[in-house]
1. Hey, got the dipole for region 252-322? About the Cα centre, +1 on K and R Cβ, -1 on D and E Cβ, debye to the nearest 20?
2. Mind checking which of 191, 236, 96 is farthest towards the positive end of region 95-250's charge dipole, using Cβ charges of +1 (Lys, Arg) and -1 (Asp, Glu) about the Cα centre?
3. Which of the lysines could a cross-linker span from residue 76 if the Cα-Cα distance has to be under 28 Å and same-chain partners fewer than 8 positions apart are dropped?
4. How much accessible area per residue does the chain have, counting only protein heavy atoms and a probe of 1.4 Å, in square angstrom?
5. Given charges of +1 on the Cβ of Lys and Arg and -1 on the Cβ of Asp and Glu, with all other atoms neutral, how large is the dipole of the chain about its Cα centre, in debye to the nearest 20?
6. Please report, in debye to the nearest 20, how large the charge dipole of region 136-194 is about its Cα centre when each Lys and Arg carries +1 at its beta carbon and each Asp and Glu carries -1 there.
7. Would you tally the net charge around residue 225, using a Cβ to Cβ cut-off of less than 10 Å, leaving residue 225 out, and scoring K and R as +1, D and E as -1?
8. Based on the Cβ-Cβ distance of residue 104 and residue 288, what FRET efficiency does E = 1/(1 + (r/R0)^6) give at R0 = 35 Å, to the nearest 0.05?
Amino acid sequence: MLFNSFSFLFLYLPVVLVGYLLLARWRPQWIVGWLALVSLFFYGYWNSRYLPLLLASIVFNYWCGLRILAAQARRKQWLIGALIANLALLAYYKYANFFIDSVNAVSGGHLHGWQIILPIGISFFTFTQVAFLVDCYRGLAGEYRFVHYTLFVSYFPHLIAGPVLHHKEMMPQFAERCRPHAADFAVGASIFVVGLAKKVLLADPLSVLVAPVFAPGAEPQLVEAWIGALAYTMQLYFDFSGYSDMAIGLSRLFGVRLPLNFHSPYQARDIAEFWRRWHMTLSRFLRDYLYVPLGGNRAGLLRRYRNLMATMLLGGLWHGAGWTFVVWGGLHGLFLVLHHGWRSWTGAGAPRWWGRALTFLAVVLAWVVFRAPDLATAGDIVGAMFGANGIALPRGLAAYGGSVQSSDVTFSGIRWIDFSGIGVPTLAVACVLAWYAPNTQQIFRRYGPALERFAGSASRWRWRPSRAWSLGLAVLFLGCAFGMNRVSEFLYFQF
(Lines give C-alpha, C1' and ligand atoms only; values in the text may rest on other atoms or scores of the structure.)
Protein backbone atom coordinates (compact mmCIF):
# COMPACT_ATOMS: atom_id res chain seq x y z
CA MET A 1 0.00 0.00 0.00
CA LEU A 2 1.48 3.28 -1.14
CA PHE A 3 0.68 6.80 0.04
CA ASN A 4 0.02 7.65 -3.61
CA SER A 5 -2.52 4.88 -4.18
CA PHE A 6 -6.31 4.95 -4.20
CA SER A 7 -6.49 2.10 -1.68
CA PHE A 8 -4.53 4.18 0.84
CA LEU A 9 -6.24 7.50 0.17
CA PHE A 10 -9.84 6.30 0.02
CA LEU A 11 -9.88 3.15 2.15
CA TYR A 12 -7.04 2.71 4.63
CA LEU A 13 -6.60 6.34 5.73
CA PRO A 14 -10.34 7.06 6.22
CA VAL A 15 -10.70 3.90 8.36
CA VAL A 16 -7.68 4.90 10.47
CA LEU A 17 -9.01 8.44 10.93
CA VAL A 18 -12.53 7.31 11.84
CA GLY A 19 -11.14 4.89 14.44
CA TYR A 20 -8.88 7.64 15.81
CA LEU A 21 -11.75 10.14 16.10
CA LEU A 22 -14.07 7.65 17.77
CA LEU A 23 -11.45 6.61 20.29
CA ALA A 24 -10.53 10.22 20.97
CA ARG A 25 -14.13 10.79 21.99
CA TRP A 26 -14.82 7.60 23.93
CA ARG A 27 -11.55 5.83 24.80
CA PRO A 28 -8.57 8.18 24.38
CA GLN A 29 -6.32 5.80 26.30
CA TRP A 30 -6.68 3.31 23.44
CA ILE A 31 -5.43 5.67 20.70
CA VAL A 32 -1.80 4.53 20.93
CA GLY A 33 -2.87 0.90 20.67
CA TRP A 34 -5.09 1.66 17.66
CA LEU A 35 -2.32 3.47 15.82
CA ALA A 36 0.12 0.64 16.61
CA LEU A 37 -2.37 -1.95 15.32
CA VAL A 38 -3.09 -0.16 12.04
CA SER A 39 0.64 0.50 11.58
CA LEU A 40 1.39 -3.22 11.86
CA PHE A 41 -1.40 -3.91 9.37
CA PHE A 42 0.10 -1.31 7.04
CA TYR A 43 3.45 -3.11 7.14
CA GLY A 44 1.93 -6.58 6.81
CA TYR A 45 -0.04 -5.47 3.77
CA TRP A 46 3.21 -5.37 1.77
CA ASN A 47 4.28 -8.90 2.62
CA SER A 48 2.76 -10.68 5.58
CA ARG A 49 5.78 -13.01 5.79
CA TYR A 50 7.91 -10.18 7.17
CA LEU A 51 5.45 -8.96 9.79
CA PRO A 52 6.73 -11.59 12.29
CA LEU A 53 10.27 -10.34 11.57
CA LEU A 54 9.27 -6.77 12.48
CA LEU A 55 7.44 -7.94 15.60
CA ALA A 56 10.38 -10.09 16.68
CA SER A 57 12.72 -7.13 16.20
CA ILE A 58 10.43 -4.92 18.30
CA VAL A 59 10.13 -7.46 21.13
CA PHE A 60 13.85 -8.23 21.13
CA ASN A 61 14.96 -4.61 21.23
CA TYR A 62 12.34 -3.68 23.83
CA TRP A 63 13.65 -6.46 26.06
CA CYS A 64 17.27 -5.45 25.44
CA GLY A 65 16.40 -1.86 26.28
CA LEU A 66 14.93 -2.99 29.59
CA ARG A 67 18.05 -5.00 30.35
CA ILE A 68 20.32 -2.05 29.52
CA LEU A 69 18.30 0.26 31.75
CA ALA A 70 18.18 -2.24 34.63
CA ALA A 71 21.75 -3.55 34.45
CA GLN A 72 24.49 -2.00 36.54
CA ALA A 73 27.75 -3.79 35.77
CA ARG A 74 26.91 -5.31 32.37
CA ARG A 75 25.15 -2.47 30.59
CA LYS A 76 27.84 -2.22 27.93
CA GLN A 77 27.77 -5.96 27.24
CA TRP A 78 24.00 -5.85 26.77
CA LEU A 79 24.35 -2.90 24.39
CA ILE A 80 27.07 -4.57 22.32
CA GLY A 81 25.11 -7.81 22.10
CA ALA A 82 21.93 -6.04 21.00
CA LEU A 83 23.80 -3.96 18.41
CA ILE A 84 25.48 -7.06 16.98
CA ALA A 85 22.11 -8.82 16.68
CA ASN A 86 20.51 -5.86 14.88
CA LEU A 87 23.41 -5.32 12.51
CA ALA A 88 23.68 -9.06 11.82
CA LEU A 89 20.01 -9.14 10.81
CA LEU A 90 20.51 -6.16 8.52
CA ALA A 91 23.71 -7.63 7.09
CA TYR A 92 22.04 -10.94 6.27
CA TYR A 93 19.07 -9.49 4.43
CA LYS A 94 20.83 -6.59 2.76
CA TYR A 95 24.48 -7.53 2.27
CA ALA A 96 24.85 -11.34 2.21
CA ASN A 97 24.59 -11.69 -1.56
CA PHE A 98 26.68 -8.57 -2.11
CA PHE A 99 29.46 -10.15 -0.05
CA ILE A 100 29.21 -13.42 -1.99
CA ASP A 101 29.28 -11.62 -5.35
CA SER A 102 32.29 -9.55 -4.26
CA VAL A 103 34.18 -12.68 -3.16
CA ASN A 104 33.40 -14.35 -6.48
CA ALA A 105 34.59 -11.29 -8.40
CA VAL A 106 37.90 -11.16 -6.52
CA SER A 107 38.65 -14.87 -6.32
CA GLY A 108 37.03 -16.09 -9.51
CA GLY A 109 34.96 -18.49 -7.44
CA HIS A 110 31.42 -19.67 -8.05
CA LEU A 111 29.74 -19.41 -4.69
CA HIS A 112 25.97 -19.37 -5.01
CA GLY A 113 23.96 -16.58 -3.46
CA TRP A 114 20.77 -17.03 -1.45
CA GLN A 115 17.25 -16.26 -2.54
CA ILE A 116 16.78 -13.33 -0.17
CA ILE A 117 13.98 -10.80 -0.55
CA LEU A 118 14.84 -7.55 1.22
CA PRO A 119 12.18 -6.71 3.83
CA ILE A 120 10.87 -3.26 3.06
CA GLY A 121 11.96 -0.56 5.49
CA ILE A 122 14.48 -2.78 7.31
CA SER A 123 17.21 -0.13 7.18
CA PHE A 124 14.94 2.47 8.75
CA PHE A 125 13.44 0.40 11.55
CA THR A 126 16.86 -1.08 12.35
CA PHE A 127 18.55 2.32 12.61
CA THR A 128 15.64 3.68 14.65
CA GLN A 129 16.10 0.89 17.19
CA VAL A 130 19.89 1.14 17.17
CA ALA A 131 19.55 4.80 18.13
CA PHE A 132 17.09 3.81 20.87
CA LEU A 133 19.48 1.23 22.35
CA VAL A 134 22.36 3.69 22.42
CA ASP A 135 20.11 6.30 24.02
CA CYS A 136 19.15 3.75 26.70
CA TYR A 137 22.83 3.18 27.41
CA ARG A 138 23.45 6.93 27.61
CA GLY A 139 20.47 7.44 29.90
CA LEU A 140 18.55 9.49 27.34
CA ALA A 141 15.54 7.20 26.86
CA GLY A 142 12.47 8.34 28.73
CA GLU A 143 8.93 6.93 28.93
CA TYR A 144 9.03 3.20 28.31
CA ARG A 145 5.89 1.11 27.67
CA PHE A 146 5.63 -1.75 25.21
CA VAL A 147 2.62 -0.45 23.25
CA HIS A 148 4.22 2.98 22.96
CA TYR A 149 7.50 1.42 21.87
CA THR A 150 5.70 -0.69 19.27
CA LEU A 151 4.11 2.45 17.86
CA PHE A 152 7.43 4.29 17.97
CA VAL A 153 9.04 1.65 15.72
CA SER A 154 6.11 0.76 13.47
CA TYR A 155 4.38 4.16 13.15
CA PHE A 156 3.11 3.92 9.58
CA PRO A 157 3.90 7.47 8.35
CA HIS A 158 7.64 6.89 8.84
CA LEU A 159 8.06 3.10 8.85
CA ILE A 160 8.91 2.49 5.20
CA ALA A 161 11.24 5.35 4.29
CA GLY A 162 11.83 7.46 7.35
CA PRO A 163 12.49 9.89 8.83
CA VAL A 164 14.76 8.14 11.32
CA LEU A 165 13.14 8.87 14.69
CA HIS A 166 14.54 9.45 18.16
CA HIS A 167 12.81 7.89 21.15
CA LYS A 168 13.02 11.09 23.22
CA GLU A 169 11.27 13.08 20.44
CA MET A 170 8.32 10.77 19.93
CA MET A 171 7.46 9.08 23.25
CA PRO A 172 6.29 12.28 25.00
CA GLN A 173 3.96 12.98 22.08
CA PHE A 174 2.50 9.47 22.15
CA ALA A 175 2.07 9.69 25.93
CA GLU A 176 0.06 12.92 25.70
CA ARG A 177 -2.75 11.21 23.76
CA CYS A 178 -3.66 14.50 22.12
CA ARG A 179 -7.26 15.01 21.15
CA PRO A 180 -8.02 15.93 17.55
CA HIS A 181 -7.70 19.57 16.58
CA ALA A 182 -9.06 21.17 13.46
CA ALA A 183 -5.81 23.09 12.99
CA ASP A 184 -3.78 19.86 13.01
CA PHE A 185 -6.07 18.33 10.42
CA ALA A 186 -5.96 21.40 8.17
CA VAL A 187 -2.16 21.72 8.34
CA GLY A 188 -1.59 17.98 8.01
CA ALA A 189 -3.91 17.54 5.04
CA SER A 190 -2.38 20.54 3.27
CA ILE A 191 1.20 19.32 3.75
CA PHE A 192 0.18 15.86 2.58
CA VAL A 193 -1.26 17.27 -0.65
CA VAL A 194 1.94 19.24 -1.30
CA GLY A 195 3.99 16.07 -0.82
CA LEU A 196 1.65 14.06 -3.03
CA ALA A 197 2.02 16.68 -5.78
CA LYS A 198 5.81 16.47 -5.55
CA LYS A 199 5.61 12.72 -6.12
CA VAL A 200 2.86 12.48 -8.73
CA LEU A 201 3.27 15.69 -10.73
CA LEU A 202 7.04 16.16 -10.57
CA ALA A 203 9.00 13.03 -9.66
CA ASP A 204 7.06 10.42 -11.63
CA PRO A 205 7.01 12.26 -15.00
CA LEU A 206 10.80 12.64 -14.83
CA SER A 207 11.29 8.88 -14.94
CA VAL A 208 10.89 8.88 -18.74
CA LEU A 209 14.10 10.92 -18.97
CA VAL A 210 16.04 8.90 -16.40
CA ALA A 211 15.68 5.19 -17.19
CA PRO A 212 16.80 5.39 -20.84
CA VAL A 213 20.01 7.27 -20.07
CA PHE A 214 20.99 4.89 -17.27
CA ALA A 215 20.21 1.72 -19.24
CA PRO A 216 23.39 -0.33 -19.87
CA GLY A 217 24.71 0.29 -23.36
CA ALA A 218 22.62 3.41 -23.98
CA GLU A 219 25.69 5.55 -24.87
CA PRO A 220 24.01 8.96 -24.49
CA GLN A 221 25.67 12.02 -25.95
CA LEU A 222 26.45 15.20 -24.05
CA VAL A 223 23.03 16.87 -23.92
CA GLU A 224 21.21 13.61 -23.33
CA ALA A 225 23.58 12.65 -20.52
CA TRP A 226 23.10 16.00 -18.78
CA ILE A 227 19.33 15.82 -19.15
CA GLY A 228 19.30 12.29 -17.71
CA ALA A 229 21.58 13.24 -14.81
CA LEU A 230 19.59 16.38 -13.97
CA ALA A 231 16.32 14.47 -14.31
CA TYR A 232 17.44 11.86 -11.78
CA THR A 233 18.76 14.57 -9.46
CA MET A 234 15.34 16.19 -9.42
CA GLN A 235 13.38 12.95 -9.51
CA LEU A 236 15.13 11.61 -6.39
CA TYR A 237 14.69 14.89 -4.52
CA PHE A 238 11.00 15.39 -5.25
CA ASP A 239 10.26 11.69 -4.76
CA PHE A 240 11.91 11.48 -1.33
CA SER A 241 11.01 15.01 -0.26
CA GLY A 242 7.44 14.28 -1.33
CA TYR A 243 7.39 11.13 0.81
CA SER A 244 8.77 13.05 3.78
CA ASP A 245 6.16 15.77 3.40
CA MET A 246 3.41 13.16 3.18
CA ALA A 247 4.77 11.47 6.31
CA ILE A 248 4.81 14.80 8.20
CA GLY A 249 1.31 15.63 6.97
CA LEU A 250 -0.12 12.21 7.86
CA SER A 251 1.40 12.30 11.33
CA ARG A 252 0.09 15.81 11.92
CA LEU A 253 -3.46 14.52 11.31
CA PHE A 254 -3.04 12.68 14.62
CA GLY A 255 -1.44 15.64 16.38
CA VAL A 256 2.09 14.17 16.24
CA ARG A 257 5.02 16.14 14.81
CA LEU A 258 7.82 14.34 12.98
CA PRO A 259 11.33 15.71 12.41
CA LEU A 260 12.13 17.33 9.09
CA ASN A 261 14.17 15.52 6.47
CA PHE A 262 14.71 18.25 3.87
CA HIS A 263 15.43 21.97 3.91
CA SER A 264 16.03 23.00 0.27
CA PRO A 265 19.28 21.00 -0.10
CA TYR A 266 19.93 22.11 -3.69
CA GLN A 267 20.15 25.69 -2.45
CA ALA A 268 23.17 24.84 -0.28
CA ARG A 269 26.33 26.84 -0.94
CA ASP A 270 28.76 24.14 0.19
CA ILE A 271 28.72 20.36 0.61
CA ALA A 272 28.62 20.49 4.42
CA GLU A 273 25.51 22.66 4.24
CA PHE A 274 24.05 20.23 1.70
CA TRP A 275 24.30 17.41 4.25
CA ARG A 276 22.69 19.61 6.88
CA ARG A 277 19.74 20.00 4.51
CA TRP A 278 19.51 16.59 2.76
CA HIS A 279 18.03 13.54 4.55
CA MET A 280 18.54 15.42 7.77
CA THR A 281 17.58 12.61 10.15
CA LEU A 282 20.05 10.20 8.54
CA SER A 283 22.76 12.88 8.65
CA ARG A 284 21.97 13.37 12.34
CA PHE A 285 22.17 9.62 12.96
CA LEU A 286 25.51 9.28 11.16
CA ARG A 287 26.89 12.27 13.07
CA ASP A 288 25.69 11.25 16.55
CA TYR A 289 26.15 7.49 16.38
CA LEU A 290 29.10 7.07 14.02
CA TYR A 291 31.14 10.23 13.35
CA VAL A 292 31.23 11.45 16.97
CA PRO A 293 32.00 8.00 18.50
CA LEU A 294 34.85 7.65 15.96
CA GLY A 295 36.34 10.83 17.40
CA GLY A 296 34.71 13.50 15.26
CA ASN A 297 36.93 16.55 14.90
CA ARG A 298 38.52 16.24 18.33
CA ALA A 299 41.84 14.62 17.37
CA GLY A 300 43.33 16.81 14.66
CA LEU A 301 42.71 17.37 10.97
CA LEU A 302 43.95 14.03 9.63
CA ARG A 303 41.81 11.98 11.99
CA ARG A 304 38.88 14.27 11.29
CA TYR A 305 39.24 13.60 7.57
CA ARG A 306 39.56 9.87 8.27
CA ASN A 307 36.37 9.96 10.33
CA LEU A 308 34.55 11.87 7.62
CA MET A 309 35.56 9.33 4.98
CA ALA A 310 34.63 6.36 7.16
CA THR A 311 31.25 7.87 8.02
CA MET A 312 30.35 8.63 4.42
CA LEU A 313 31.56 5.26 3.12
CA LEU A 314 29.36 3.49 5.65
CA GLY A 315 26.54 5.91 4.88
CA GLY A 316 26.85 5.00 1.22
CA LEU A 317 26.80 1.29 2.01
CA TRP A 318 23.68 1.84 4.16
CA HIS A 319 21.86 2.97 1.03
CA GLY A 320 22.45 -0.23 -0.85
CA ALA A 321 24.52 -3.36 -1.30
CA GLY A 322 26.62 -2.36 -4.29
CA TRP A 323 29.92 -0.77 -5.17
CA THR A 324 28.13 2.17 -6.76
CA PHE A 325 26.78 3.12 -3.33
CA VAL A 326 30.20 2.71 -1.73
CA VAL A 327 31.80 4.93 -4.38
CA TRP A 328 28.98 7.47 -3.99
CA GLY A 329 29.65 7.61 -0.26
CA GLY A 330 33.38 7.89 -0.91
CA LEU A 331 32.81 10.80 -3.30
CA HIS A 332 30.82 12.68 -0.70
CA GLY A 333 33.47 11.90 1.89
CA LEU A 334 36.09 13.34 -0.48
CA PHE A 335 33.93 16.41 -1.12
CA LEU A 336 33.63 17.00 2.64
CA VAL A 337 37.36 16.56 3.16
CA LEU A 338 38.10 19.06 0.37
CA HIS A 339 35.56 21.48 1.78
CA HIS A 340 37.01 21.39 5.30
CA GLY A 341 40.53 21.50 3.91
CA TRP A 342 39.64 24.63 1.93
CA ARG A 343 38.15 26.26 5.02
CA SER A 344 41.24 25.39 7.08
CA TRP A 345 43.51 26.84 4.40
CA THR A 346 41.57 30.00 3.55
CA GLY A 347 39.64 30.54 6.77
CA ALA A 348 36.41 31.03 4.83
CA GLY A 349 33.90 29.11 2.74
CA ALA A 350 33.28 29.41 -0.97
CA PRO A 351 31.65 32.65 -2.17
CA ARG A 352 27.92 32.20 -2.54
CA TRP A 353 27.84 33.09 -6.24
CA TRP A 354 29.88 30.06 -7.28
CA GLY A 355 29.64 27.95 -4.14
CA ARG A 356 26.06 26.92 -4.90
CA ALA A 357 26.89 26.07 -8.49
CA LEU A 358 29.96 24.03 -7.54
CA THR A 359 28.08 22.19 -4.81
CA PHE A 360 25.20 21.34 -7.11
CA LEU A 361 27.58 20.10 -9.82
CA ALA A 362 29.34 17.82 -7.32
CA VAL A 363 25.99 16.47 -6.10
CA VAL A 364 24.78 15.78 -9.66
CA LEU A 365 27.96 13.88 -10.58
CA ALA A 366 27.70 11.79 -7.43
CA TRP A 367 24.04 11.02 -8.13
CA VAL A 368 25.07 9.55 -11.47
CA VAL A 369 27.17 6.95 -9.65
CA PHE A 370 24.38 6.41 -7.13
CA ARG A 371 21.77 5.68 -9.83
CA ALA A 372 23.86 3.72 -12.31
CA PRO A 373 23.45 -0.08 -12.30
CA ASP A 374 27.24 -0.54 -12.21
CA LEU A 375 30.43 1.49 -12.15
CA ALA A 376 31.09 0.98 -15.88
CA THR A 377 27.76 2.56 -16.80
CA ALA A 378 28.40 5.39 -14.35
CA GLY A 379 31.78 6.04 -15.96
CA ASP A 380 30.20 6.08 -19.44
CA ILE A 381 27.55 8.60 -18.40
CA VAL A 382 30.02 10.88 -16.61
CA GLY A 383 32.28 10.72 -19.67
CA ALA A 384 29.33 11.58 -21.91
CA MET A 385 28.54 14.57 -19.70
CA PHE A 386 31.97 15.94 -20.62
CA GLY A 387 31.71 15.19 -24.34
CA ALA A 388 33.26 11.72 -24.62
CA ASN A 389 30.40 10.48 -26.84
CA GLY A 390 29.99 13.62 -28.93
CA ILE A 391 28.19 16.91 -28.58
CA ALA A 392 25.30 16.41 -30.99
CA LEU A 393 21.87 17.81 -30.25
CA PRO A 394 19.47 15.33 -28.64
CA ARG A 395 18.54 12.50 -30.98
CA GLY A 396 16.40 10.68 -28.44
CA LEU A 397 17.03 8.48 -25.47
CA ALA A 398 17.63 4.73 -25.63
CA ALA A 399 14.86 2.78 -23.96
CA TYR A 400 13.92 -0.86 -23.65
CA GLY A 401 14.18 -2.77 -26.91
CA GLY A 402 12.59 -2.83 -30.35
CA SER A 403 13.84 -0.78 -33.27
CA VAL A 404 12.98 2.48 -34.95
CA GLN A 405 13.67 4.13 -38.30
CA SER A 406 14.92 7.70 -38.50
CA SER A 407 15.68 9.78 -41.56
CA ASP A 408 19.37 8.91 -41.50
CA VAL A 409 19.87 5.71 -39.50
CA THR A 410 18.12 2.69 -38.04
CA PHE A 411 18.70 2.03 -34.37
CA SER A 412 18.26 -1.76 -34.18
CA GLY A 413 17.44 -3.35 -30.88
CA ILE A 414 16.70 0.02 -29.25
CA ARG A 415 13.51 2.01 -28.98
CA TRP A 416 14.01 5.77 -28.92
CA ILE A 417 11.87 8.38 -27.26
CA ASP A 418 12.03 12.06 -28.13
CA PHE A 419 11.79 15.20 -26.04
CA SER A 420 8.35 16.27 -27.17
CA GLY A 421 6.55 14.82 -24.13
CA ILE A 422 6.06 16.18 -20.64
CA GLY A 423 9.48 15.15 -19.29
CA VAL A 424 11.62 18.14 -20.29
CA PRO A 425 9.08 20.84 -19.30
CA THR A 426 8.64 19.05 -15.97
CA LEU A 427 12.41 19.02 -15.51
CA ALA A 428 12.56 22.78 -16.10
CA VAL A 429 9.80 23.40 -13.54
CA ALA A 430 11.46 21.06 -11.04
CA CYS A 431 14.80 22.86 -11.34
CA VAL A 432 13.22 26.26 -10.75
CA LEU A 433 11.32 25.01 -7.71
CA ALA A 434 14.33 23.23 -6.20
CA TRP A 435 16.69 26.19 -6.73
CA TYR A 436 14.48 29.15 -5.89
CA ALA A 437 11.10 28.25 -4.38
CA PRO A 438 10.37 28.25 -0.63
CA ASN A 439 10.15 24.83 0.91
CA THR A 440 7.30 23.25 2.83
CA GLN A 441 8.41 24.25 6.31
CA GLN A 442 8.86 27.86 5.15
CA ILE A 443 5.38 27.92 3.64
CA PHE A 444 3.79 26.41 6.78
CA ARG A 445 6.25 27.92 9.27
CA ARG A 446 3.65 29.85 11.26
CA TYR A 447 1.89 26.60 12.20
CA GLY A 448 4.97 24.59 13.19
CA PRO A 449 4.67 21.77 10.63
CA ALA A 450 7.39 19.64 12.24
CA LEU A 451 9.59 19.44 15.31
CA GLU A 452 12.26 21.83 14.02
CA ARG A 453 11.76 25.50 13.31
CA PHE A 454 13.96 27.47 10.92
CA ALA A 455 14.50 31.20 10.70
CA GLY A 456 12.99 33.03 7.78
CA SER A 457 9.58 32.64 6.21
CA ALA A 458 8.17 32.92 2.73
CA SER A 459 5.74 35.74 3.38
CA ARG A 460 4.39 35.86 -0.16
CA TRP A 461 3.57 32.14 -0.12
CA ARG A 462 2.72 31.78 3.57
CA TRP A 463 -0.02 29.20 4.10
CA ARG A 464 -3.11 30.23 6.01
CA PRO A 465 -6.51 28.58 6.51
CA SER A 466 -8.29 30.54 3.79
CA ARG A 467 -10.66 29.81 0.93
CA ALA A 468 -7.99 30.59 -1.64
CA TRP A 469 -5.54 28.07 -0.18
CA SER A 470 -8.29 25.49 0.28
CA LEU A 471 -9.42 25.84 -3.31
CA GLY A 472 -5.88 25.75 -4.66
CA LEU A 473 -4.95 22.64 -2.70
CA ALA A 474 -8.22 20.94 -3.64
CA VAL A 475 -7.46 21.53 -7.32
CA LEU A 476 -3.91 20.25 -6.75
CA PHE A 477 -5.27 17.10 -5.09
CA LEU A 478 -7.64 16.48 -8.01
CA GLY A 479 -4.74 16.90 -10.40
CA CYS A 480 -2.80 14.30 -8.44
CA ALA A 481 -5.79 11.93 -8.37
CA PHE A 482 -6.16 12.11 -12.14
CA GLY A 483 -2.39 11.75 -12.51
CA MET A 484 -2.24 8.52 -10.50
CA ASN A 485 -3.01 6.35 -13.52
CA ARG A 486 0.16 4.38 -12.77
CA VAL A 487 1.04 3.90 -9.11
CA SER A 488 4.81 3.95 -8.69
CA GLU A 489 6.86 3.05 -5.63
CA PHE A 490 9.02 5.59 -3.87
CA LEU A 491 12.66 5.41 -4.88
CA TYR A 492 13.91 5.10 -1.31
CA PHE A 493 11.90 1.91 -0.76
CA GLN A 494 14.80 -0.03 -2.30
CA PHE A 495 17.24 1.30 0.31
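1. 180 debye
2. It is 191.
3. Output for residue 76: 94, 168.
4. Working: 22490 Å² over 495 residues.
Per residue, the chain has 45 Å² of solvent-accessible surface.
5. 1940 debye
6. Details: 5 positive and 4 negative charges, 28 e Å.
About 140 debye.
7. Details: positive: none; negative: 219, 224, 380.
Counting the neighbours of residue 225, the net charge comes to -3.
8. Rounded to the nearest 0.05, the efficiency is 0.45.
The values are calculated or read from the model by the stated rules, or taken from the named source; none is laboratory data. Note that the structure is a prediction, hence the values are computed from the model and not measured. Every residue, glycine as well, gets a Cβ built from its backbone with ideal geometry; the counts of neighbours run over all protein chains shown. All accessible areas refer to the heavy atoms of the entire protein, side chains included, with ligands and DNA or RNA removed. Shrake-Rupley method; radii C 1.70, N 1.55, O 1.52, S 1.80 Å.
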